[in-house]
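In what follows, a structure is listed as structure tokens, so that the remarks can point back to it.
The values are calculated or read from the model by the stated rules, or taken from the named source; none is laboratory data. Given the structure is predicted, the values throughout are model-derived calculations rather than measurements. In this analysis, Cβ positions are derived from the backbone assuming ideal geometry, glycine residues included, and neighbour counts consider all displayed protein chains. Calculation scope for accessible area: heavy atoms of the full protein, side chains included, ligands and nucleic acids excluded. Shrake-Rupley method; radii C 1.70, N 1.55, O 1.52, S 1.80 Å.
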Amino acid sequence: MKILNPSDGSLVRELAEDDTRAVAAKYARARAAQPRWAAVTLGERLGAIEKFKGQTEKRKSELAQILTRETGKPISQSRHELNALAGRIDFFLAHAKSALAPETVLAETQMREQITHEPLGVVANVSAWNYPYFVGSNVFVPALLAGNAVLYKPSEFATLTGLAIGEMLHAAGVPQEVFSVVVGSGAAGSLLVEQPVDGVFFTGSYPTGARIAAACAPRMVKLQLELGGKDPSYVCEDADVKTAAESLADGAMYNAGQSCCSVERIYVHERIYERFVDAFTAIVKGYKGGDPMDEATYLGPLARAPQLAVLEGQVADAVAKGAKLLVGGKRISRPGNWFEATVLSKVDHGMALMREESFGPVIGIQKVAGDDEAVRLMNDTEYGLTAGVYTPDEKRARGILAQIRSGSVYWNCCDRVSPRLPWSGVGHSGVGVTLSTYGIQAFTRPKAWHLKPA
Ligand code: NAD
């Protein structure tokens with residue numbers, strides 16, 4: 001497997017992919033080791049994760065460079081991901097004990113009822129490349145704390161980061177067999193999911209999620225899927241145009257638009273539409289693109305070359321159907337996977353741009369007559385990950401957001417994830433929950449105890 005630098009196409013490293021035998025052997029070792037890991041005290045497991053956090057802090061600058069080299073993420077954004085990782089781990093460290101504690105739900109003399117939170121056993125974690133520290137740690141940290149063994153398959157576009165995570169967990173005291181990194185592309189992911197694991201936790205696109213769900217269905221295995229989005233935001237006529245434009249431009253373009261919760265569609269009230277489009281376009285024109293290793297770079301390349309054709313197709317389709325191209329619109333001709341930051345107005349839902357996940361620095365801004373039309377359009381999607389509203393009026397925002405079918409809603413903000421809140425999707429955005437205390441118990445099986453003293 002060749003790891004290429006998306007910013008210039010150069011070879012970073014070549015690695016052997018795990019084949020059928022290698023994956024089965026990692027599974028067998030995890031199965032044998034898991035009961036011992038579940039039997040060590042929670043205090044010891046918490047200690048190991050605390051040490052892991054220390055490792056990520058100590059090696060931050062080196063880890064940020066590895067991440068930037070293999071994904072093309074601008075170096076300041078790679079460092080930001082590592083900084084925020086510490087906060088996520090702190091949440092799990094602070095809440096694992098209470099979330100995993102046995103609960104007594106009936107305490108009568110003749111009858112007691114209790115719930116214990118048992119580890120699932122061996123879990124597979126097939127992960128995405130866009131935020132490997134976030135989407136990985138959302139799974140492997142609580143899974144390990146709950147006493148599971150984890151077989152972690154990083155994306156083929158973030159393998160070196162995945163291997164570094166493995167090294168740091170092992171150095172922190174998690175046994176090699178309890179956390180194994182499976183190296184490879186989709187084929188290795190498919191081999192992993194075929195093992196008789198007790199849970200499959202996937203982060204990635206809807207098409208891959210649907211394939212994994214179909215493969216797991218006959219086995220009745222616990223399955224969580226964190227998938228894509230076509231995340232909308234609506235700017236009301238009473239919003240501050242400049243503030244909303246700054247927030248939404250960053251929400252659409254950060255990490256070159258390659259976040260599951262990137263802003264993918266913007267609806268603007270007709271009374272401020274022109275002003276908003278002008279302000280938004282000016283901000284996007286000011287973003288600095290270039291070498292992702294440069295501290296000043298805001299826009300880097302795309303991690304995956306095939307996405308360039310998807311973006312080209314969406315822009316061409318929109319323009320052919322009457323959209324107005326305001327900025328960008330094409331590949332940048334240089335080695336690597338470069339696409340211009342692109343803004344289109346006069347868009348509608350007859351265009352793929354407003355219906356299919358772009359996952360790149362491309363955004364359409366549509367004019368709406370009022371709240372009812374905005375709500376109808378925001379819900380006109382198979383996805384349901386996040387949605388936002390910009391207005392100073394909280395009551396109005398809550399009224400609109402209550403009608404939106406999505407896992408997370410934002411008032412005057414966007415592209416935001418909190419460890420304290422559950423992260424989940426509706427429809428093609430997936431099933432299951434990570435983060436919050438729900439995202440700790442997700443890695444356990446509740447066992448019901450009916451206790452009748454003789
Ligand atoms: P992807 O679906 O192409 O790949 C995800 C993972 O699945 C990779 O590790 C890949 O090797 C593996 N895989 C591919 N085919 C497989 C198969 N048949 N069986 C098992 N594993 C297989 O997605 P990606 O390009 O890595 O990530 C981008 C997508 O992820 C976007 O749609 C984005 O919105 C989504 N995403 C969602 C969240 C969330 O929290 N909801 C977070 C990050 C990314």
Quiz item: Going through the range 407-420 one residue at a time, which ones are free of Cβ contacts under 8 Å to residues at least 60 places away in the same chain and touching a strand residue (DSSP E or B) at 6+ places or on another chain (Cβ under 7 Å)?
Solution: GLY407, VAL409, TRP411
Quiz item: If only one of GLY257, GLY199, GLY209, GLY228 is open to solvent by less than 30 Å² (accessible area, probe 1.4 Å), at pLDDT 95 or above and more than 13 Å from the ligand (Cβ to nearest atom), which one is it?
Solution: GLY199
Practice problem: State the number of residues belonging to the range 300-317 that are under 21 Å from SER345 (Cα atoms) and either within 16 Å of the ligand (Cβ to nearest atom) or under 27 Å from the mean Cα position of the chain (by Cα) (or both). | Solution: 8
Quiz item: If only one of THR391, THR386 is modelled with pLDDT of 95 or more, more than 30 Å from ASP90 (Cβ to Cβ) and of a type in the set (Ser, Thr, Tyr), which one is it?
Solution: THR391
Self-check item: Residue under evaluation ARG334, criteria (1) over 20 Å from LYS73 (Cα atoms); (2) modelled with pLDDT under 95, criterion not met
Solution: (1)
Self-check item: strands (runs of 3 or more DSSP E) lying entirely in the range 99-181 (those with 1 or more residues that are touching a residue at least 24 places away in the same chain (Cβ under 8 Å))
Solution: 112-119, 122-126, 149-153, 179-181
Exercise. Might you let me know whether the range 258-269 holds any residue that is among the hydrophobic types (A, V, I, L, M, F, W, C), out of contact with any Leu (no Cβ under 7 Å at 6 or more places or on another chain) and without any contact (Cβ under 8 Å) to a residue 40 or more places away in the chain?
Key: no
Self-check item: Options ALA454, ALA402, ALA448: the member that is at pLDDT below 95, on the phi < 0 side of the Ramachandran plot, open to solvent by 10 Å² or more (accessible area, probe 1.4 Å) and over 21 Å from the mean Cα position of the chain (by Cα)
Solution: ALA454
Quiz item: Does TYR206 satisfy the condition of being aromatic (Phe, Trp, Tyr) and over 21 Å from PRO154 (Cβ atoms)?
Solution: no
Quiz item: Among the residues of the range 94-110, is any more than 12 Å from the ligand (Cβ to nearest atom), of a type outside the set (A, V, I, L, M) and open to solvent by less than 10 Å² (accessible area, probe 1.4 Å)?
Solution: no
Exercise. Sort out which residues of the range 168-196 are under 16 Å from PRO142 (Cα atoms), surrounded by fewer than 18 Cβ atoms within 10 Å (Cβ to Cβ) and among the polar types (S, T, N, Q), and write them in order of number.
Key: none
Exercise. For the range 144-157, indicate whether the set of residues that are more than 21 Å from VAL193 (Cβ to Cβ), open to solvent by 10 Å² or more (accessible area, probe 1.4 Å), modelled with pLDDT of 95 or more and not hydrophobic (A, V, I, L, M, F, W, C) is non-empty.
Key: no
Practice problem: Take the range 65-74 and flag every residue that is open to solvent by 10 Å² or more (accessible area, probe 1.4 Å) and in contact with a helix residue (DSSP H, G or I) (Cβ under 6 Å, 6 or more places away or on another chain). | Solution: ILE66
Practice problem: Can you work out which of the residues in the range 131-141 that are open to solvent by less than 10 Å² (accessible area, probe 1.4 Å) and not aromatic (Phe, Trp, Tyr) is nearest to the ligand (Cβ to nearest atom)? | Solution: ASN138
